[in-house]
Amino acid sequence: GAVVSQHPSRVICKSGTSVKIECRSLDFQATTMFWYRQFPKQSLMLMATSNEGSKATYEQGVEKDKFLINHASLTLSTLTVTSAHPEDSSFYICSAPRGNTEAFFGQGTRLTVV
Amino acid sequence: GQQLNQSPQSMFIQEGEDVSMNCTSSSIFNTWLWYKQDPGEGPVLLIALYKAGELTSNGRLTAQFGITRKDSFLNISASIPSDVGIYFCAGQRSGGFKTIFGAGTRLFVKA
């Protein structure tokens, strides 16, 4: 079964509103989680590293005020897309490493901004 | 920035054929990974490679970590229709799970 759960799987919102996406690690704790964005027919692009208890680390070109990340607990990280616009429509995916083995990915969230 | 060059971009093959795809990088990675992604889903790990020169199999899949740590290939033998999907190579540096992805190879299998 899934070890990383992402919610919601799909969301449609109006332009100008904010959307929150949750990423939960199931049955394990993750001090670090990663957020990716994937446009249609493109690869996964790392947006930011979410750190429990401290600020997120953003990749170059990613606006931290636009994409708010909160690592609220050892099993939950949230990504909030603020003042969403149609160009923010994308597939957002999180991942969480478990131990020293591998990082597991969530099911992804398809965001459509209309 | 770090980039992984993955090829081919897409492949159209007949069921039963073998498939090969590869990735190269200008920089060294400590770990190479191969993922498969189905439409509307997150990627699923197929094979992880940790040592230079390592050759690892997972069923009909075989992957190798290049000796220079700058390349890797994935082979799929005797392809079946359910192999259809996007295959991504990915690399990780030491000290964490920050993962850089290649552009992906779209595989189409004709029954």
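Summary of values
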item	result
Odd one out for residue A:80, checked against (1) in contact (Cβ under 8 Å) with a residue 12 or more places away in the chain; (2) farther than 27 Å from residue B:33 by Cβ; (3) out of contact with any Lys or Arg (no Cβ under 6 Å at 6 or more places or on another chain)	(3)
Identity of the residue in the range B:1-35, away from chain A (no Cβ under 11 Å) and buried (at least 22 other Cβ atoms within 10 Å of the Cβ), that ends up nearest to residue A:8 (Cα to Cα)	B:34
Single residue of the range B:40-51 satisfying the filter (without any contact (Cβ under 8 Å) to a residue 24 or more places away in the chain and over 13 Å from residue B:91 (Cα atoms)) that is surrounded by the most Cβ atoms within 10 Å (Cβ to Cβ)	B:42
Residues of the range A:70-111 classified as surrounded by 14 or more Cβ atoms within 10 Å (Cβ to Cβ), of a type in the set (S, T, N, Q) and either in a strand (DSSP E or B) or at the interface with chain B (Cβ under 8 Å from one of its Cβ atoms) (or both), total	8
Some residue of the range B:14-25 being of a type in the set (Gly, Ala, Ser) and in contact with a Pro (Cβ under 7 Å, 6 or more places away or on another chain)	no
Among (1) within 12 Å of another protein chain (Cβ to nearest Cβ); (2) of a type in the set (A, V, I, L, M, F, W, C); (3) out of contact with any Leu (no Cβ under 9 Å at 6 or more places or on another chain) - the single one residue B:52 does not satisfy	(1)
Total residues in the range A:13-41, condition closer than 14 Å to residue A:51 by Cα and of a type outside the set (D, E, K, R)	9
Condition met for residue B:85 (among the small types (Gly, Ala, Ser), within 14 Å of another protein chain (Cβ to nearest Cβ) and over 26 Å from residue A:49 (Cα atoms))	yes
Residues that are outside any strand (DSSP E or B) and surrounded by 16 or more Cβ atoms within 10 Å (Cβ to Cβ), drawn from the range B:85-111	B:97, B:98, B:102, B:103, B:104
Complete set of residues in the range B:12-29 that are outside any strand (DSSP E or B), in contact with a strand residue (DSSP E or B) (Cβ under 6 Å, 6 or more places away or on another chain) and not aromatic (Phe, Trp, Tyr)	B:15
Subset of the range A:27-52 (residues that are among the polar types (S, T, N, Q) and at the interface with chain B (Cβ under 8 Å from one of its Cβ atoms))	A:32, A:42, A:43, A:49
Condition met for residue A:63 (among the acidic types (Asp, Glu), without any contact (Cβ under 8 Å) to a residue 40 or more places away in the chain and within 27 Å of residue B:104 (Cα to Cα))	yes
Neighbours by Cβ (under 9 Å, 6+ apart or cross-chain): first from the range B:93-111, within 8 Å of another protein chain (Cβ to nearest Cβ); second part of a strand (DSSP E or B) and of a type in the set (D, E, K, R)	B:97/A:102
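No value in this document is a laboratory result; all are computed from the given coordinates. Everything quoted here is computed from the prediction, not taken from an experiment. In this analysis, Cβ positions are derived from the backbone assuming ideal geometry, glycine residues included, and neighbour counts consider all displayed protein chains.
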